[in-house]
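Below is one structure, written out as structure tokens, with a few remarks after it.
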Amino acid sequence: MNKILRVDMSNLSTSIEAVPPEWAGLGGRALTSTIVAKEVIPTCHALGANNKLVFAPGLLSGTTAANSGRFSAGAKSPLTGTIKESNAGGLAAQMFARLGIKALIIEGLPKGNNWHSLHVNKDGVSIGEETELIGKGNFAVVETLEKRLGKKTGVITIGPAGEMKMLAANISVKDSDSKLRSHGRGGLGAVMGSKRIKFISIDDSGAPGIKLANQEKFTAAARVFAKAILEHPGTGQGLPTFGTAEMVNIVNEAGGLPTRNFTYGRYEGNEKISGETLRETIIERGGKPKHGCQPGCIIQCSQVYNDKQGNYVTSGFEYETIETLGANAGLGDLDQIATADSIMDDIGVDSIETSIAFGVAMEQECSLSATVKGYSAS
Ligand code: SF4
């Protein structure tokens with residue numbers, strides 16, 4: 001990966017830069033955070049002209065190294081005011097790496113109220129104007145772009161939440177099933193929305209690919225790494241069998257499962273939302289109990305969750321979403337949690353932050369109701 005793509009939205013210009021020597025050994029979160037630390041004024045407004053949104057594939061993305069296709073996004077977070085890094089699966093990291101793109105840096109704010117799109121390919125990056133997809137959910141964006149640009153196009157997009165610059169807005173990345181993987185937490189979708197970019201398309205046709213200095217040594221090291229992953233009980237057995245939801249029963253047993261806005265550490269409905277129940281339900285309905293969120297994943301902690309009729313509902317159904325909406329907001333029903341997860345993916349809000357907010361709101365509502373009825377202890 002030998003180039004940095006830079007987009008300046010203030011004058012709608014783009015450029016290609018060489019990779020500075022000090023960034024050569026960095027990738028993924030190390031690179032996005034280093035660029036944000038170096039180039040973003042710490043006191044700037046996160047949704048203002050001086051914040052920068054940075055995307056970078058991992059250092060080994062585009063190679064045959066196992067699990068090397070995660071994609072990093074970084075900026076000053078509008079939620080925390082600090083450097084935010086968020087990692088997602090999907091196709092983007094491998095496509096960027098094959099195109100030789102070490103990072104994409106987006107800076108400035110455009111004048112006026114028009115919306116834009118970015119198009120990344122072997123020649124660099126270009127800026128387009130977008131009208132059709134404004135206001136549309138993430139699923140519609142992917143479906144429309146596959147018709148407009150071809151089934152193989154890579155997509156990075158924001159939903160209505162990002163357009164509205166909501167602090168829980170995600171950036172979503174298309175995966176190999178044309179579904180979505182999320183850069184969650186910290187409101188990076190709002191930063192993309194502030195720059196008035198609805199989506200970024202990626203076309204990797206004609207990409208040069210990755211050139212290895214020593215193919216033989218690389219393959220040998222990659223084999224050692226893959227073997228270690230597959231032989232570890234967590235990554236070789238637990239995660240591929242139950243997904244991250246395996247943690248529900250473990251954490252519940254330890255008394256640390258956030259329940260009812262974390263006023264309790266054990267949830268009486270834990271079995272209804274456990275990794276074991278999730279697996280049984282998926283198999284019964286013809287879904288996929290193990291599935292990779294990015295090409296080259298050999299752990300496969302993701303899954304495809306169907307409804308009772310066998311129709312697709314959601315994937316990447318993680319412990320944190322199941323726990324925060326299930327135990328913490330008191331919703332002991334996997335079907336309802338899965339439906340909510342899908343809606344949040346489409347709107348483009350973070351399913352953890354949003355579910356935690358539900359828990360807080362429910363407790364406050366209960367306290368308010370009790371006070372109104374005269375039941376308040378105080
Ligand atoms: S499916 Fe799970 S293990 Fe595989 S890359 Fe995605 S998050 Fe990681």
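The values are calculated or read from the model by the stated rules, or taken from the named source; none is laboratory data. Owing to the predicted nature of the structure, the values given are computational and were not obtained by experimental measurement. Cβ atoms come from the backbone with ideal geometry, glycine included; neighbour counts cover every protein chain shown. Heavy atoms of the whole protein, side chains included, go into the accessibility calculation; ligands, DNA and RNA do not. Shrake-Rupley method; radii C 1.70, N 1.55, O 1.52, S 1.80 Å.
Quick look at the numbers
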| item | result |
| --- | --- |
| Those residues of segment 268-279 which are buried (at least 20 other Cβ atoms within 10 Å of the Cβ), in a helix (DSSP H, G or I) and away from the ligand (no atom under 15 Å from the Cβ), in sequence order | Asn270, Ile273 |
| Qualifying residue in segment 62-76 (condition: surrounded by fewer than 24 Cβ atoms within 10 Å (Cβ to Cβ), in contact (Cβ under 8 Å) with a residue 12 or more places away in the chain, β-branched (Val, Ile, Thr) and within 16 Å of the ligand (Cβ to nearest atom)) | yes |
| Per-region count, segment 188-214, residues charged (D, E, K, R) and free of Cβ contacts under 8 Å to residues at least 60 places away in the same chain | 1 |
| Every pair of residues 6+ apart whose Cβ atoms lie under 9 Å, when the first sits in segment 328-346 and is at positive phi while the second is in a helix (DSSP H, G or I) | Gly330/Gly359; Gly330/Met362 |
| Residue satisfying all of: in segment 52-61; hydrophobic (A, V, I, L, M, F, W, C) and in a loop (DSSP other than H, G, I, E, B); farthest from the ligand (Cβ to nearest atom) among these | Leu59 |
| Residues located in segment 295-321, provided they are among the charged types (D, E, K, R) and either more than 16 Å from the ligand (Cβ to nearest atom) or open to solvent by less than 20 Å² (accessible area, probe 1.4 Å) (or both) | Asp307, Lys308 |
| Boolean, Glu363 is of a type in the set (Asp, Glu), open to solvent by 10 Å² or more (accessible area, probe 1.4 Å), touching a Lys or Arg at 6+ places or on another chain (Cβ under 8 Å) and in a helix (DSSP H, G or I) | yes |
| Number of the exception - Lys290 against (1) assigned to a loop (DSSP other than H, G, I, E, B); (2) more than 18 Å from the chain's Cα centre (by Cα); (3) within 16 Å of the ligand (Cβ to nearest atom) | (1) |
| Unmet requirement for Ser194, which otherwise passes all of (1) over 17 Å from Leu334 (Cα atoms); (2) outside the structural domain of Ser172 (by TED's automatic domain parsing); (3) more than 16 Å from the ligand (Cβ to nearest atom); (4) of a type in the set (Gly, Ala, Ser) | (2) |
| Which listed residue, of Ile35, Ile16, is assigned to a helix (DSSP H, G or I) and either closer than 29 Å to Leu212 by Cβ or in contact (Cβ under 8 Å) with a residue 24 or more places away in the chain (or both) | Ile35 |
| Residue within segment 198-212 that is assigned to a helix (DSSP H, G or I), open to solvent by 80 Å² or more (accessible area, probe 1.4 Å) and either more than 28 Å from Asn170 (Cα to Cα) or among the hydroxyl-bearing types (Ser, Thr, Tyr) (or both) present | no |
| Cross-chain or 6+ apart pairs with Cβ under 6 Å, segment 243-268 first and closer than 21 Å to Val360 by Cβ, then open to solvent by 70 Å² or more (accessible area, probe 1.4 Å) and part of a helix (DSSP H, G or I) | Asn261/Glu363 |
| Given (1) within 15 Å of the ligand (Cβ to nearest atom); (2) free of Cβ contacts under 8 Å to residues at least 40 places away in the same chain; (3) not in a helix (DSSP H, G or I), number of the condition Ile282 does not satisfy | (3) |
| Subset tally (residues that are out of contact with any Pro (no Cβ under 9 Å at 6 or more places or on another chain), among the β-branched types (Val, Ile, Thr) and open to solvent by less than 70 Å² (accessible area, probe 1.4 Å)) for segment 1-60 | 9 |
| Any chance Lys165 is touching a residue at least 60 places away in the same chain (Cβ under 8 Å) and outside any strand (DSSP E or B) | yes |
| Flag for Val248 being in the same structural domain as Glu276 (by TED's automatic domain parsing), open to solvent by less than 70 Å² (accessible area, probe 1.4 Å) and part of a helix (DSSP H, G or I) | yes |
| Test: residue in segment 155-164 that is modelled with pLDDT of 95 or more, assigned by TED's automatic domain parsing to the domain that holds Thr314 and either within 16 Å of the ligand (Cβ to nearest atom) or farther than 30 Å from Gly332 by Cα (or both) | no |
| Subset tally (residues that are open to solvent by 40 Å² or more (accessible area, probe 1.4 Å), among the aliphatic types (A, V, I, L, M) and in a loop (DSSP other than H, G, I, E, B)) for segment 322-360 | 1 |
